[in-house]
Amino acid sequence: MAPVEGVGGVAGIRPLDNRKGTTCNAFNDPKWKAPKAAALSFKFYCTQPQTLILDAGANFKKTLSITASDEWQTMTIPASQVRWGGDRHPLKDWSEVASITFKPAANQDITKVIFADIKWSTAAAVNP
């Protein structure tokens, strides 16, 4: 990860490795573990559309369409949208996940995306 980068008054982090993406392994710590029935929520800033792959744990995946904007955007992902191998049975609950990784899809550039405010949300609003 790069040092904290500010855009429009929001501090975020930009991944530096376009091959590996970026990983958070903190979810084994009870302090950061997802509460039951929570959704993963984060802000992103990207002025060019990108397609990313969210890996949850070792085998659950979701393709993310990062849209272009000159403003910060928010994405909220319930566990049910993250699937084994990307297309099989859904993840039962985020509390089962010890790590998440954001990686670029083929021919995409994750270094164009800044992430901020990654957290667990219990709000009902979700992104498809």
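Read through the list (1) at pLDDT below 90; (2) farther than 24 Å from T122 by Cβ; (3) not in a strand (DSSP E or B), then give the number of the only condition that G6 fails.
With respect to (1) at pLDDT below 90; (2) farther than 24 Å from T122 by Cβ; (3) not in a strand (DSSP E or B), G6 is out only on (3).
Go through K119, K31, K36, K103 for me and flag whichever is in contact (Cβ under 8 Å) with a residue 24 or more places away in the chain and out of contact with any strand residue (DSSP E or B) (no Cβ under 6 Å at 6 or more places or on another chain). So that I can check it myself, show each step before the final result.
Values: K119 fails: out of contact with any strand residue (DSSP E or B) (no Cβ under 6 Å at 6 or more places or on another chain); K31 fails: in contact (Cβ under 8 Å) with a residue 24 or more places away in the chain; K103 fails: out of contact with any strand residue (DSSP E or B) (no Cβ under 6 Å at 6 or more places or on another chain).
After ruling out the rest, the residue left standing is K36.
Yes or no, residue by residue, for (1) surrounded by fewer than 15 Cβ atoms within 10 Å (Cβ to Cβ); (2) out of contact with any Ser or Thr (no Cβ under 9 Å at 6 or more places or on another chain):
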| position | (1), (2) |
| --- | --- |
| V10 | yes, yes |
| K20 | yes, no |
| N28 | yes, no |
| A34 | no, no |
| Y45 | no, no |
| L52 | no, no |
| N59 | yes, yes |
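Report, by residue number, each residue of region 99-126 that is buried (at least 16 other Cβ atoms within 10 Å of the Cβ), under 14 Å from the mean Cα position of the chain (by Cα) and assigned to a loop (DSSP other than H, G, I, E, B).
V113, the sole residue that qualifies.
Tell me which residues, restricted to region 13-49, are over 13 Å from the mean Cα position of the chain (by Cα) and under 18 Å from T74 (Cβ atoms).
Hits for region 13-49 are A34, A38, C46, T47, P49.
Every residue in region 72-98 that is part of a loop (DSSP other than H, G, I, E, B), farther than 21 Å from N28 by Cβ and at pLDDT 95 or above, please.
At the first step, the residues of region 72-98 found to be part of a loop (DSSP other than H, G, I, E, B) are 72, 82, 85-89, 91-93, 97-98.
After this cut, where a residue has to be farther than 21 Å from N28 by Cβ as well, the list is 72, 85-89.
W72 - this is the single residue of region 72-98 that is part of a loop (DSSP other than H, G, I, E, B), farther than 21 Å from N28 by Cβ and at pLDDT 95 or above.
Only one of these is under 17 Å from S95 (Cα atoms) and of a type outside the set (S, T, Y): A11, A26. Name it.
Numbers: A11 fails: under 17 Å from S95 (Cα atoms).
Going through A11, A26 in turn, the sole match is A26.
Return a yes/no flag: does region 79-94 have any residue that is closer than 20 Å to A11 by Cβ, touching a residue at least 12 places away in the same chain (Cβ under 8 Å), surrounded by 12 or more Cβ atoms within 10 Å (Cβ to Cβ) and touching a Phe, Trp or Tyr at 6+ places or on another chain (Cβ under 6 Å). If you could, list the steps in order and put the result at the bottom.
From region 79-94, those closer than 20 Å to A11 by Cβ are none; that's our starting set.
Checking region 79-94: not a single residue is closer than 20 Å to A11 by Cβ, touching a residue at least 12 places away in the same chain (Cβ under 8 Å), surrounded by 12 or more Cβ atoms within 10 Å (Cβ to Cβ) and touching a Phe, Trp or Tyr at 6+ places or on another chain (Cβ under 6 Å).
Report the residue count in region 9-25 for those that are in a loop (DSSP other than H, G, I, E, B) and not acidic (D, E). Steps first, answer last, please.
To start, the set of residues in region 9-25 that are in a loop (DSSP other than H, G, I, E, B) comprises 9, 14-21, 25.
Filter once more, so that each one left must be not acidic (D, E): 9, 14-16, 18-21, 25.
So the answer is 9.
The values are calculated or read from the model by the stated rules, or taken from the named source; none is laboratory data. Because the structure is a prediction, the values reported are computed rather than measured. When we count neighbours, we look across all protein chains shown, and the Cβ atoms used for this are built from the backbone with ideal geometry, even at glycine.
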